[in-house]
Amino acid sequence: MSSMIEVRQLKKDFGSLSVLNQISFDVKPGEVVAVIGPSGSGKSTMLRSLVHLEEVTGGSISICGKALVEDGRYASTANIRDITSRMGMVFQHFNLFPHLSVRDNLELAPRTLKRESVQQITAKSRELLSKVGLSDKADVYPSTLSGGQKQRVAIARAMMLSPDILLFDEPTSALDPELTGEVLRVIRQLAEENMTMMIVTHEMSFARDVADRVFFMDNGDIAESGTPEEIFGSPKLERTRAFLMRE
Ligand SMILES: Nc1ncnc2c1ncn2[C@@H]1O[C@H](COP(=O)(O)OP(=O)(O)OP(=O)(O)O)[C@@H](O)[C@H]1O
Ligand SMILES: [Mg+2]
């Protein structure tokens with residue numbers, strides 16, 4: 001398969017406001033793309049469109065070769081569910097279910113989908129909690145966890161359906177600085193395991209370090225893209241330079 005994510009002429013309007021202005025890009029298997037850019041440039045809207053948390057106004061999105069939306073026309077509800085379940089998403093504010101234990105947060109979606117047996121699901125949640133260093137927290141409620149622990153639970157939960165792609169929207173922006181490291185370590189490990197990822201982040205040194213490619217979004221466009229060396233070392237556009245100076 002050539003592309004994990006293929007986006008063409010993607011357009012999103014909120015009323016008269018154009019938020020994504022016909023953007024196009026590809027993400028290859030195992031690639032890590034960091035998305036940077038000023039507030040309001042459309043980073044979250046772009047990510048949310050990929051998982052159908054936003055209905056786009058026009059253009060096409062294919063995930064693992066399957067069309068989620070083609071020239072503004074969406075696939076059937078069953079196909080949308082199938083396609084979006086190949087992606088896991090992690091949000092800035094964790095979005096854990098407060099009334100469920102850590103284990104149940106992980107197991108709710110797979111138990112509802114019933115693709116695997118209860119035993120398989122239990123084994124998987126145990127394995128993933130161990131992977132993010134939280135084996136001892138399976139039975140507690142999210143309110144008892146630190147922000148960094150909550151975000152690691154959210155990452156484990158996003159992986160429960162064995163996604164081909166992980167999407168992160170500012171995964172460390174709500175964390176105290178001393179807690180960002182433990183979350184970035186988990187993401188870095190996933191990168192080393194060749195997980196395909198798109199990461200919206202304000203952590204420029206992390207983006208530089210972990211990304212294969214960087215997209216600089218501005219005003220609803222991918223204004224500039226390139227390797228971390230290109231974007232951080234010798235950006236072509238004045239507005240990229242100006243943004244990086246501010247960060
Ligand atoms: N549901 C909505 N209704 C109307 N406008 C929206 C909605 N969601 C986002 N917008 C607008 O779309 C634009 C892009 O928002 P988006 O959240 O994608 O930006 P962002 O790059 O993620 O910004 P930030 O860095 O602050 O998270 C903004 O002008 C925002 O106000
Ligand atoms: Mg955002």
Review point. Where in region 128-247 are there strands (runs of 3 or more DSSP E), lying wholly inside it, with at least 1 residues that are crowded, with 18+ Cβ neighbours inside 10 Å and without any contact (Cβ under 8 Å) to a residue 40 or more places away in the chain?
Key: 221-226
Point to revise | Meets criteria (over 30 Å from ALA242 (Cα atoms), open to solvent by less than 60 Å² (accessible area, probe 1.4 Å) and touching a Cys at 6+ places or on another chain (Cβ under 8 Å)) for ILE83 | key: yes
Point to revise | Single match in SER39, SER44 (criterion: open to solvent by 30 Å² or more (accessible area, probe 1.4 Å), assigned to a helix (DSSP H, G or I) and within 16 Å of ligand 2 (Cβ to nearest atom)) | key: SER44
Point to revise | Answer residue from region 4-30, given it is open to solvent by 30 Å² or more (accessible area, probe 1.4 Å) and under 18 Å from ASP212 (Cα atoms) and is farthest from ligand 2 (Cβ to nearest atom) among those | key: PRO29
Study note, to complete from the structure: Taking region 92-109 and keeping only residues that are open to solvent by less than 70 Å² (accessible area, probe 1.4 Å) and either small (Gly, Ala, Ser) or modelled with pLDDT of 95 or more (or both), one is left with LEU96, LEU100, SER101, VAL102, ARG103, ASP104, ASN105, LEU106, GLU107, ALA109
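Rundown of residues vs (1) within 19 Å of ILE165 (Cβ to Cβ); (2) aliphatic (A, V, I, L, M); (3) in contact (Cβ under 8 Å) with a residue 60 or more places away in the chain, yes/no style:
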site	(1), (2), (3)
SER16	no, no, no
GLY37	no, no, yes
SER41	no, no, yes
LEU53	yes, yes, no
ALA75	yes, yes, no
**Study point:** Residues of region 70-89 classified as more than 24 Å from LEU190 (Cα to Cα) and either in a loop (DSSP other than H, G, I, E, B) or over 19 Å from the mean Cα position of the chain (by Cα) (or both), total
**Key:** 10
Study note, to complete from the structure: When GLY65 is run through (1) open to solvent by 60 Å² or more (accessible area, probe 1.4 Å); (2) closer than 30 Å to THR240 by Cα; (3) in contact (Cβ under 8 Å) with a residue 24 or more places away in the chain, the failure sits at (2)
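The values are calculated or read from the model by the stated rules, or taken from the named source; none is laboratory data. Treat the numbers as computed from the prediction; the structure is a model and nothing was measured. Here the Cβ is made from the backbone with ideal geometry for all residues, glycine too, and neighbour counts use every protein chain on show. All accessible areas refer to the heavy atoms of the entire protein, side chains included, with ligands and DNA or RNA removed. Shrake-Rupley method; radii C 1.70, N 1.55, O 1.52, S 1.80 Å.
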